Amino acid sequence: MTGPLLAVDGLCAGYGGLTALDRVSFTLEAAEPVALLGANGAGKSTLLRALLGLVPASAGRVRFAGTDLNGLAAERRVRLGIGYVPEGRRVFPGMSVRDNLEVAGVAARGDRLEDLERVFTLFPQLRGKAGEAAWRLSGGQQQMLAIGRALMVRPRLLLLDEPSLGLSPALAAEVFATIASIAASGTAVLLAEQSAARALATASRVMLLRLGRVVHDGPASGVAAQTLRDAFLGRAGART
Amino acid sequence: MLALQLLLNGIALGAAYALVALGFVLVLNATGAVNFAQGDLVMAGGILAAALAPLLPVPGLLLLPLVLALMAGLGLLLSLAAYLPLRHRPPVAVFISTIAVGIMLQNGVTVLFGPEPRAAPPLLGGGTLDLAGLVVPEQSLAIVAVAALLIGGQQWVFGRTQLGRRLRATAQDPEMARACGVPVTAMVMATFALAAAYAGAAGLLLANQFFVTPTAGGDLILKAYIAVTIGGWGSVPGAVAGALLIALFEVGVSSVLSYPVALGALYVTLLAILVFRPQGLFGEVARRRA
């Protein structure tokens, strides 16, 4: 494969007559951790959902690992190597922890069990709860389960939507440390997050979204505080 | 001894009803929609078995795999015609489409086979066994065994296989299942196929002792609905328990009093459950955690 892992060109998407993404374009390299920041309603979740195919694109093109994703169903995109951790975790509540993980396994049974073991090594807390129904887990454990489930698809790109939402600071720090280790192991990460400080500490690059448009795209270390404030507070013409 | 006899008859009838209710609840869980054609699918299975019997003069047990396969095909057609085109519409659209399919099945069967009652062949033979003084019809034992095998098989597939995990994930959160790589549309179609196959099995089992007519489905869908309400909306064990309870009322109470009284007592029990335990016997009020 040559070129970027993910190439998004002029992507538009919305709900009914409402435009949530307006000509979004960017590329993402293999193993690159990118933070996606912006105020509520900026279009972060919609962008992740549109990349996965859960929200239909009204215009634009998306290529992943050399494959044109337009018109491809979400389940096919997942099998190409896109993992998704949704906002609010959305584990399968009536299924056991182990079944939550195994259902997302793309590998044949033997390799799937190896993947399962890898997730249990990453999240030892889940190993002891393997037989318990997912709804019994704490919020932090459910977040670990949601991340572990996304890893079962052997992702080359991991989409994370607000992974710290509803977690205590200590648990959120633990989750972000895990995300950093996943990125370090060679998985590209696109991390939508309200907590700018944590996201910037995890990512090497930051994209700011405002009203469905990318208003800044650059290194995470160099982003100016004023640029962040403008994007979050919705001031016109956030600086790039 | 009479009580044991009645209990066995009730369990045999309840086992067949359980297959009806199981198919009903599987579709309900997978799609959130009520399949009102489920009773007519049972009728279709019974008619199919009765129609195949003269062509293939073998015991019902050997006809069963063929009936299961043909009914699974009918279930696939049902999902393609009455569910998938309407799945993004309000639930009432699917209610109406499945009612329409049920009416088409009734009229189709009437045109093709006539309105008279028909009987399917017995599973093994029409004889009885003497078990320590208890006269047991072979058909009753065979019904219980076949239903237990089918229900056990469903539980095994859903609990132990990747297909079962995918079916359960689809039932719990279709969008998230899709985001985990599960082919949700195929899973929904498989659920309809399984539900129709189980309806067909129930039709074959019931049509030997009780005969089958083109309009028999209306009564059966009502019983499935009651079984699922009693057991807990969406609960598979609840649907089986509800079906057994209905059959025990029909056989036990009606033998002591009368069938109308048994039906009246069943509805009073249903009302009492709705008042004192509205979530049903096996239902849970809430089980989500933040």
- prompt: Near the amide H of A:Arg156, under 5 Å away, which other amide H atoms are found, from residues 5 or more places off or on another chain, if H is placed in the peptide plane?
  reply: A:Ile82, A:Gly83
task: Report, in debye and to the nearest 20, how large the dipole of chain B comes out about its Cα centre when Lys and Arg carry +1 and Asp and Glu carry -1 on their Cβ.
output: 1020 debye
- request: Pick out, from B:Gly46, B:Ile151, B:Gln172, the residue whose Cα sits farthest towards the positive end of the charge dipole of the range B:2-276, with +1 on the Cβ of Lys and Arg and -1 on the Cβ of Asp and Glu.
  value: B:Gln172
query: Given the protein chains as shown and a 1.4 Å probe, how many square angstrom of A:Ser195 are accessible, to the nearest 10?
result: 30 Å²
message: Just to be sure I understand: with springs between alpha-carbon atoms less than 10 Å apart, which residue in B:Gly181, B:Gly32, B:Gly217 has the highest mean-square fluctuation in the Gaussian network model of chain B?
response: B:Gly181
query: If you bin every alpha carbon distance in the range B:141-290 into 10 Å steps from zero, what whole percent lands in each bin?
result: 10, 31, 36, 18, 5, 0
message: Given a 10 angstrom Cα cut-off, can you work out which residue in B:Val25, B:Val256, B:Val42 is the most mobile in a GNM of chain B?
response: B:Val256
Radius of gyration and Dmax over the Cα atoms of the range B:1-102, both given in Å: 16.4, 55
Gyration tensor (Cα) of the protein assembly as shown, equivalent ellipsoid semi-axes in angstrom: 54, 23, 20
field: Shielding by partners - mean other protein chain Cβ count within 10 Å, residues of A:139-151
entry: 1
task: Using a 10 angstrom cutoff on alpha carbons, build the Gaussian network for chain B and name the most mobile of B:Ala197, B:Ala216, B:Ala16.
output: B:Ala216
Accessible area, probe 1.4 Å, largest first, for residues A:Ser58, A:Ser221: A:Ser221, A:Ser58
message: Using the crude model of +1 on Lys and Arg Cβ and -1 on Asp and Glu Cβ, and no other charge, please compute the dipole size for the range A:95-218 relative to its Cα centre, in debye to 20.
response: 100 debye
- prompt: Which FRET efficiency value, to the nearest 0.05, is calculated for A:Arg229 and B:Leu56 with the Förster distance at 60 angstrom and r the Cβ-Cβ distance?
  reply: 0.15
query: Of B:Gly181, B:Pro260, B:Val228, which is farthest on the positive side of the dipole of the range B:131-276, counting Cα position, with +1 on Lys and Arg Cβ, -1 on Asp and Glu Cβ, and the Cα centre as origin?
result: B:Gly181
- prompt: Using modelled backbone amide H atoms (1.01 Å from N, in-plane), which distant-in-sequence or interchain residues come within less than 5 Å of A:Ala20's amide H?
  reply: A:Ala13, A:Gly14, A:Tyr15
query: Restricting to the protein assembly as shown, what percent of DSSP beta bridges are antiparallel, rounded to 5?
result: 60 percent
message: Quick one: 3J(HN,Hα) in Hz for the range A:202-213, Karplus 6.51/-1.76/1.60 with θ = phi - 60°, rounded, Gly and Pro as x.
response: 8, 9, 9, 9, 10, 10, 9, 10, 9, 6, x, 10
- line: In Å, the Kirkwood estimate of hydrodynamic radius for chain A over Cα pairs equals 18.1 Å
- line: Rounded to whole Å², per residue accessible area for the protein assembly as shown with a 1.4 Å probe reads 41 Å²
task: Could you point to the residue in A:Leu101, A:Ala130, A:Thr67 farthest towards the positive end of the range A:57-193's charge dipole, with +1 and -1 charges on the Cβ of Lys/Arg and Asp/Glu respectively?
output: A:Thr67
- prompt: When every alpha-carbon pair in the range B:97-219 is counted, what percent end up more than 16 Å apart?
  reply: 72 percent
message: What do you get for the angle between helix A:169-184 and the principal long axis of chain A? Use alpha-carbon atoms, 0 to 90 degrees, nearest ten.
response: 90 degrees
- line: For the A:Asp217, A:Arg76 Cβ pair and Förster radius 22 Å, calculated FRET efficiency rounded to 0.05 is 0.20
task: Tally the DSSP beta bridges in the range A:87-240 and give the antiparallel ones as a percent, rounded to 5.
output: 60 percent
task: Name the longest site-free stretch of chain B, where the excluded sites are trypsin sites (Lys or Arg not before Pro) in a DSSP loop with no more than 11 other beta-carbon atoms within 10 Å.
output: B:1-286
query: Counting Lys and Arg as +1 and Asp and Glu as -1, what is the net charge of the other residues whose Cβ lies under 14 Å from the Cβ of B:Phe211?
result: -1
For the range B:264-276, 3J(HN,Hα) per residue [Karplus equation, 6.51 cos²θ - 1.76 cosθ + 1.60, θ = phi - 60°, Hz, x = Gly/Pro]: x, 5, 4, 5, 4, 4, 4, 4, 4, 5, 5, 6, 8
task: Take the Cα coordinates of the range B:2-276, assign each an equal point scatterer, and use the Debye formula without solvent to give log10 I(q)/I(0) at q = 0.08, 0.09, 0.11, 0.14 Å⁻¹.
output: -0.32, -0.40, -0.60, -0.98
- prompt: Tell me, what is the percent relative contact order of chain B, built from C-alpha pairs under 8 Å that lie six or more residues apart?
  reply: 35 percent
- prompt: Which FRET efficiency, nearest 0.05, do B:Leu112 and A:Thr27 yield, Cβ-Cβ r, R0 56 Å?
  reply: 0.35
message: Testing the spin-label approximation: label points 7 Å from Cα along Cα→Cβ at B:Ala265 and A:Asp111. State their distance in nm.
response: 6.0 nm
query: Given H placed on each backbone N at 1.01 Å, which residues far from A:Arg205 in sequence or on other chains put an amide H within less than 5 Å of it?
result: A:Ala35, A:Ala220
task: Kindly sort A:His216, B:His88 by accessible area of their heavy atoms, largest first, with the probe set to 1.4 Å.
output: B:His88, A:His216
A:Phe26 accessible area, 1.4 Å probe, all protein chains in place, Å² to nearest 10: 10 Å²
Estimated dipole of the protein assembly as shown in Debye, rounded to 20 [Cβ of Lys and Arg +1, of Asp and Glu -1, Cα centre]: 1400 debye
Backbone HN-Hα couplings from phi across the range B:48-53 [Karplus 6.51/-1.76/1.60, Hz, Gly and Pro as x]: 4, 5, 5, 6, 6, 4
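The values are calculated or read from the model by the stated rules, or taken from the named source; none is laboratory data. The shown structure was predicted, so the numbers you read here are calculated from the model rather than taken from an experiment. A quick note on method: Cβ atoms are made from the backbone with ideal geometry, for glycine too, and the neighbour counts reach across all protein chains shown. Calculation scope for accessible area: heavy atoms of the full protein, side chains included, ligands and nucleic acids excluded. Shrake-Rupley method; radii C 1.70, N 1.55, O 1.52, S 1.80 Å.
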